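The structure under discussion appears below in the form of structure tokens.
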Amino acid sequence: MDKAVKHVRTLFLSDIHLGTRGCQAQLLLNFLAEYDADTIFLVGDIFDGWRLRRGWHWPQLHNDVVQMLLNKAHNGASITLIPGNHDEVMRNYLGTHFGGVEVARDAVYVTAAGKRLLVTHGDQFDVVVMNAKWLAHVGDRAYNTILWLNTWLNRAKRLWGGQYWSLSNWAKRQVKQAVNFIGEYENVLIAEAKRGGYDGIVCGHIHQAALKQMGDVLYVNTGDWVESCTAVIEDTDGTLHLIDWAQISRRRKMRALVAAQKQSKTAKRKLEPFV
Ligand SMILES: [Mn+2]
């Protein structure tokens, strides 16, 4: 594993959901160990107050994430926490500091290339789809699961002599709505950036990472650390990059596996003359 620490100008992270079982704290720790930044924006839903109230799930790894972020602040990184809807309790502390972490409703960030970006969690913009909030979290995986479920349901129904009922048609409609929701959400945020005269907007909330130039506006969604494990970094020259840490980790594991296999093969070959 490449342990060299990469230094970037800025790091944008959101939707970590500490305090839930879904949080990929170990992957995040590996990522944070490899990236150092002058400025870190925690773009909302860093911990999950809703879940914490329902049941306590706070393993050591979640503490380690908090500790690592505080260490980065201690070592000089400027950290801004922008509350989201899951950690909205932090909205009571706007303007205050916690161990070197500043809490702000949203922020304006100027990149090294001089681009003015509005940084906000983004939940305030989904009033249009308030009644279908869960759809935001529906992805390919959910769709495939529903298709698989459908096959088995229909098999079971045939056995009972029941009618064929297509769950997949229902699923397709839901996925279409989810895709519409994502598109609509993106459009609303792009419009908001335009209205404010910004060059771009950095947000989270819908767990759908993106980095794309939409006309005059750069739309950046940092994704999440529950499923996709993504973050956005800014190079020293002001270029933004989307980091797919889950994919990077998978590739590294594969390479390590292949290397180990090769090694064991050579070891066997060396042994062969003696067998
Ligand atoms: Mn959110």
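This table checks each residue for (1) within 16 Å of the ligand (Cβ to nearest atom); (2) over 18 Å from Gly44 (Cβ atoms); (3) at pLDDT 95 or above.
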residue	(1), (2), (3)
Lys172	no, yes, no
Lys176	no, yes, no
Asn180	no, yes, no
Glu186	yes, no, no
Leu189	yes, no, no
Ala193	no, no, yes
Val202	yes, no, yes
- Task: With respect to Thr80, determine if the residue is touching a strand residue (DSSP E or B) at 6+ places or on another chain (Cβ under 8 Å) and more than 23 Å from Val232 (Cα to Cα).
- Result: no
- Identify, by number, the condition in (1) in contact with a helix residue (DSSP H, G or I) (Cβ under 9 Å, 6 or more places away or on another chain); (2) under 20 Å from Leu240 (Cβ atoms) that Ile190 doesn't meet. (1)
- Where in the stretch 1-83 are there strands (runs of 3 or more DSSP E), lying wholly inside it, with at least 2 residues that are surrounded by fewer than 17 Cβ atoms within 10 Å (Cβ to Cβ) and in contact with a Lys or Arg (Cβ under 8 Å, 6 or more places away or on another chain)? 35-42
- Task: Can you work out which of the residues in the stretch 76-96 that are of a type in the set (S, T, N, Q) and at pLDDT 95 or above is nearest to Ala37 (Cα to Cα)?
- Result: Ser78
- Message: Can you tell me which residue is nearest to His241 (Cα to Cα) among those in the stretch 98-129 that are away from the ligand (no atom under 16 Å from the Cβ) and among the charged types (D, E, K, R)?
- Response: Lys115
- Pick from the stretch 61-91 the residues that are among the aliphatic types (A, V, I, L, M) and within 13 Å of the ligand (Cβ to nearest atom): which of them is nearest to Asp48 (Cα to Cα)? Met90
- Task: Tell me, please, whether a residue that is modelled with pLDDT of 90 or more, within 17 Å of Thr111 (Cβ to Cβ) and not basic (Lys, Arg) can be found in the stretch 223-230.
- Result: no
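The values are calculated or read from the model by the stated rules, or taken from the named source; none is laboratory data. Note that the structure is a prediction, hence the values are computed from the model and not measured. Because the Cβ atoms are built from the backbone with ideal geometry, glycine has one as well, and the counts that use them run over all protein chains shown.
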